[in-house]
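Read through the structure below, which is laid out as structure tokens, and then see the notes.
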Amino acid sequence: MDILKNLGLLINAMMTYTPPLLLAALGSCFSERSGVVNIGIEGMMTIGAFVGASTALTFGNPWIAFLCGGLAGALFGLLHAIACVSFQADQTISGTAVNFLAPGLAVFICKRLYDNSTDTPALNASMKLPKFFDGVFPVGSFWNNVLCNYSVAYLSIILVAVIWFVFYKTRFGMRLRAVGESPEACETLGVNVYRVRYLCVILSGLLAGFGGAYVTLATVSQFRPIVIVGQGFMAIAAVIFGKFKPQGAMWACLLFGLCNGIKVLATTSNTVSPNLISMIPYIVTILALVLFVGTARVPAANGKPYSKAR
């Protein structure tokens, strides 16, 4: 029974820690497949986490807060698109700037709103995202641990199927993938490369903002400057590991979420140092990049500035 209970707890932890990674990774898929490198996912998640927490504290509605967190990420996605698409700026530098600007702005506004504190007040239970199957099964039972998860966890899995359909079964998806391979050829066929890339980069910010908002509205229940702690970079690693495909990114995020779950369960044991246990997800991320980055086919035009033909 202990094995079954621990398995249920592990699955529950995995489904708790996977959604922010998966949402951010799906956003990264949009940007990368359209040909724009977006390493600013971390910053977009951070601003989404702050806006989500502060909006929940203001209005008391977790879904409004979740939406506002996504919109905050989309705003920084727009800034990244303006720099990289319209002005052909170096995409890595622009993403790095977002990773400095967004968290800095979040901390600045937080200190102005909450008595010079870099942390927001803790959210109460009514401000947190709801769970599916809450109260259906006995607390602590195997099925309660497996099925009673945050609603966004289920929605993020459904979103993988939706985005896969958009990528591979729609005209927009075909244009998106073509723009990431040969924007010049797309331009000659009448495809507006700028419009496609703008939309994809903004969508990447929106989904990253959703991922950040989930963290403060579900798992942490409070904004702190270190609340994201590298999850944006893990999401980018998941996209590379998943070969820039939404379904591949999902499996990679589930693996990283499983590692986070193992970390959470292992901290209850005193046999291993908590500092070593905390390294598990990051070690697995590095190993995934080392072992699989060479097998991932990067879109041909990814990271290359495009200037519209005159």
Q: Could you name the aspartates and glutamates whose alpha carbon sits less than 13 Å from that of LYS304, not counting residues in the same chain fewer than 8 places away?
A: GLU32, ASP90, GLU181, GLU184
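Going by C-beta contacts inside 10 Å, put THR92, THR216, THR188 in order with the fewest on the left.
In order of increasing Cβ crowding within 10 Å: THR188, THR92, THR216.
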(Q) Helix 171-181 against the longest principal axis of the chain: what's the angle in degrees, Cα atoms only, rounded to the nearest 10? (A) 70
Q. Where does helix 2-33 land angle-wise versus the long Cα axis of the chain, in degrees 0 to 90, nearest 10?
A. 20
Q: Give the long-range amide H neighbours of LYS131: residues separated by 5 or more places, or on another chain, with amide H under 5 Å away, using H modelled in the peptide plane at 1.01 Å from N.
A: SER151
Q) Given the options MET127, MET45, MET279, which has the most mean-square fluctuation in a GNM of the chain, springs set between C-alpha atoms less than 10 angstrom apart? A) MET279
Q. Which lysines does LYS263 reach when only Cα atoms under 29 Å apart count, and residues fewer than 8 places away in its own chain are ignored?
A. LYS5, LYS128, LYS131, LYS243, LYS245
**Q.** Residue order, fewest to most surrounding Cβ atoms within 10 angstrom, among PHE66, PHE132
**A.** PHE132, PHE66
Q: Go through [x] 0.95; [y] 0.91; [z] 1.01 and flag the label whose value is the computed Cα Rg over 2.2 N^0.38 Å for this structure.
A: [z]
Q) Relative to the longest principal Cα axis of the chain, at what angle does helix 231-241 sit, 0 to 90 degrees, rounded to 10? A) 60
Q. Taking 0.36 nm per residue of separation and subtracting the Cα-Cα distance, what length does fully extending GLN88 through GLU181 add?
A. 31.8 nm
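For ILE157 and ILE283, calculate 0.36 nm times their separation in residues minus their Cα-Cα distance, and state this gained length in nm to one decimal.
Stretched out fully, the ILE157 to ILE283 stretch lengthens by 42.9 nm.
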**Q.** Only Lys, Arg (+1) and Asp, Glu (-1) charged, at Cβ; the chain dipole about Cα centre in debye
**A.** 640
(Q) So for the chain, averaging the separation of alpha carbon pairs under 8 Å that are six or more residues apart and normalising by length, what relative contact order in percent results? (A) 36
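Every number here is computed from the coordinates shown, using simple stated rules; none is lab data. Since the model is a prediction, treat every value here as computed from it, not as a measurement. Glycine gets a Cβ as well: all are built from the backbone with ideal geometry, and neighbour counts include every protein chain shown.
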